[in-house]
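The values are calculated or read from the model by the stated rules, or taken from the named source; none is laboratory data. Every value quoted in this text rests on a predicted model; they were computed, and no experiment measured them. As a convention, Cβ positions derive from the backbone with ideal geometry for all residues, glycine included, and neighbour counts pool all protein chains shown. Ligands, DNA and RNA are excluded from the accessible area calculation, which covers all protein heavy atoms including side chains. Shrake-Rupley method; radii C 1.70, N 1.55, O 1.52, S 1.80 Å.
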Amino acid sequence: MPEGPSAADTAKVTALLDRGRALSTPVLRAAVGRLASPMDTVAAYHFGWIDAHGDPADGDGGKAVRPALALLSAEAAGAAAETALPGAAAVELVHNFSLLHDDLMDGDEQRRHRDTVWKVHGPAQAILVGDALFALAGEILLELGTPEAGRATRRLTEASRKLIDGQAQDISYEHRERVTVEECLEMEGNKTAALLACATSIGAVLGGADEGTADALEDYGFHLGLAFQAVDDLLGIWGDTATTGKKAWSDLRQRKKSLPVSAALAAPGDAACRLAELMTADAKKSQAEFEDFDEAEFAARAALIEEAGGRAWTEQEARRQHAGALRALDRVAMPGHVREQFTALADFVVVRQR
């Protein structure tokens, strides 16, 4: 991993994320306000604006990386950050559509240290509200009525389709004994990197950037997304539950064939062989049987993944993708302070703890 960011860089990233959240939240609230009851209330709970009883809350609405990237990309193209706001909100709506559905499909009961929507309001509401957020994303972009909005919508719909492809791949891999590293990277490129790539170009597109500039920024976002997911995969096995808000060994509990697992299984040596034997047996168990495992069994699998080199390989992959993101920035002429913020954000993504 890159060395931990300095206090100045951490402050810079915090300010960037805070700006993305502050500017995009009113647009998101207005969009959610269009929904019929009770979907507006359920969506407000998901975003952390109210609690389970409907009272105002100051919940954790997420890191706001995507809105921050959208605003920054407009500035990279020489436009005002506010130009990107419809795009920032649209990307965040699609992201949250995917979270609502993913939580239900994965059976996750906690997100951002609170019960998930399906746990509080039921599976039907989680599905409906997710669908509604997806529809709102296209609506708030297309109602701008400009050629740039049409270009931005095309990028968003393509990224959304890839995101759904990635989720389908992720689910299909859970009951396979092995998934190659190449398959895992393709899945994660679809599920995570495609939408981050869109976020990093959508503001520039709305600001009138040419396709070459938008494509270079999208490449930065794609590499950043793969770095982000590599770190997420590490946290999904070895993350501190108090920080991540998820159960210990959360990805192992769901039998996810994430990068550390795929890299470990592809490695030579006894640890990889023992891990493969366990994974082969695991694939034949029902989810109920699997969730009956005690902590020691998940800890043993995590130890084998680390012994086989899966953890180290994934850390190296995060570094490789981080470097690829920074190289993509070299193709765009942008103000120096904007480039510094893109760099600081990339550093933050690969050293985060949640």
Practice task
Kindly indicate whether residue 85 is open to solvent by 20 Å² or more (accessible area, probe 1.4 Å), assigned to a loop (DSSP other than H, G, I, E, B) and hydrophobic (A, V, I, L, M, F, W, C).
Solution key: no
Completion exercise
Screening 58, 40 for residues that are surrounded by fewer than 22 Cβ atoms within 10 Å (Cβ to Cβ) and assigned to a helix (DSSP H, G or I) leaves only 40
Problem - Hey, residue 326 at pLDDT 90 or above, surrounded by fewer than 20 Cβ atoms within 10 Å (Cβ to Cβ) and aliphatic (A, V, I, L, M) or not - result: yes
Practice task
Taking the residues in the stretch 279-290 that are in a helix (DSSP H, G or I) and at pLDDT below 85 as candidates, determine which candidate is farthest from the chain's Cα centre (by Cα).
Solution key: 289
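Take residue 282 and tell me if it is open to solvent by 20 Å² or more (accessible area, probe 1.4 Å) and without any contact (Cβ under 8 Å) to a residue 40 or more places away in the chain.
In short, no.
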Problem - Output for the stretch 98-108, where each listed residue is part of a helix (DSSP H, G or I) and surrounded by fewer than 24 Cβ atoms within 10 Å (Cβ to Cβ) - result: 98, 99, 101, 102, 103, 104, 105, 106
Completion exercise
Among helices (runs of 4 or more DSSP H) completely within the stretch 173-278, the ones holding 1 or more residues that are modelled with pLDDT under 95, of a type in the set (A, V, I, L, M, F, W, C) and surrounded by fewer than 20 Cβ atoms within 10 Å (Cβ to Cβ) are 211-238, 241-244
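Would you mind stating whether residue 172 is among the hydroxyl-bearing types (Ser, Thr, Tyr), free of Cβ contacts under 8 Å to residues at least 12 places away in the same chain and out of contact with any Pro (no Cβ under 8 Å at 6 or more places or on another chain)?
Numbers: among the hydroxyl-bearing types (Ser, Thr, Tyr): yes; free of Cβ contacts under 8 Å to residues at least 12 places away in the same chain: yes; out of contact with any Pro (no Cβ under 8 Å at 6 or more places or on another chain): yes.
Taking the combined requirement at face value, the residue satisfies it.
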Exercise for the section: Those residues that are in contact with a helix residue (DSSP H, G or I) (Cβ under 8 Å, 6 or more places away or on another chain), open to solvent by 20 Å² or more (accessible area, probe 1.4 Å) and farther than 17 Å from residue 196 by Cα, I need them from the stretch 147-171; list them, please. Expected result: 148, 150, 169, 171
Practice task
Filter the stretch 45-55 down to the residues that are of a type outside the set (Gly, Ala, Ser) and in a loop (DSSP other than H, G, I, E, B), then identify the one that is most open to solvent (accessible area, probe 1.4 Å).
Solution key: 53
Problem - Residue check for residue 22: open to solvent by less than 30 Å² (accessible area, probe 1.4 Å), of a type in the set (Gly, Ala, Ser) and out of contact with any Leu (no Cβ under 7 Å at 6 or more places or on another chain) - result: no
Problem - Meets criteria (in a helix (DSSP H, G or I), without any contact (Cβ under 8 Å) to a residue 40 or more places away in the chain and among the basic types (Lys, Arg)) for residue 29 - result: yes
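Yes/no matrix, rows are residues, columns are (1) of a type in the set (Val, Ile, Thr); (2) more than 19 Å from residue 106 (Cα to Cα); (3) out of contact with any Gly (no Cβ under 6 Å at 6 or more places or on another chain):
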residue: 131; (1), (2), (3): no, no, yes
residue: 141; (1), (2), (3): no, yes, yes
residue: 155; (1), (2), (3): no, yes, yes
residue: 179; (1), (2), (3): yes, no, yes
residue: 200; (1), (2), (3): yes, yes, no
residue: 223; (1), (2), (3): no, yes, no
residue: 231; (1), (2), (3): yes, yes, yes
Problem - the stretch 309-333, subset outside any helix (DSSP H, G or I) and not aliphatic (A, V, I, L, M), residue farthest from residue 219 (Cα to Cα) - result: 309
Exercise for the section: Return a yes/no flag: does the stretch 291-303 have any residue that is modelled with pLDDT under 85, open to solvent by less than 40 Å² (accessible area, probe 1.4 Å) and charged (D, E, K, R). Expected result: no
Exercise for the section: State whether the residues of the stretch 109-123 include one that is of a type in the set (Val, Ile, Thr), touching a Phe, Trp or Tyr at 6+ places or on another chain (Cβ under 9 Å), surrounded by fewer than 22 Cβ atoms within 10 Å (Cβ to Cβ) and modelled with pLDDT of 95 or more. Expected result: yes
Practice task
Report the residue count in the stretch 205-222 for those that are farther than 26 Å from residue 319 by Cα and among the small types (Gly, Ala, Ser).
Solution key: 3
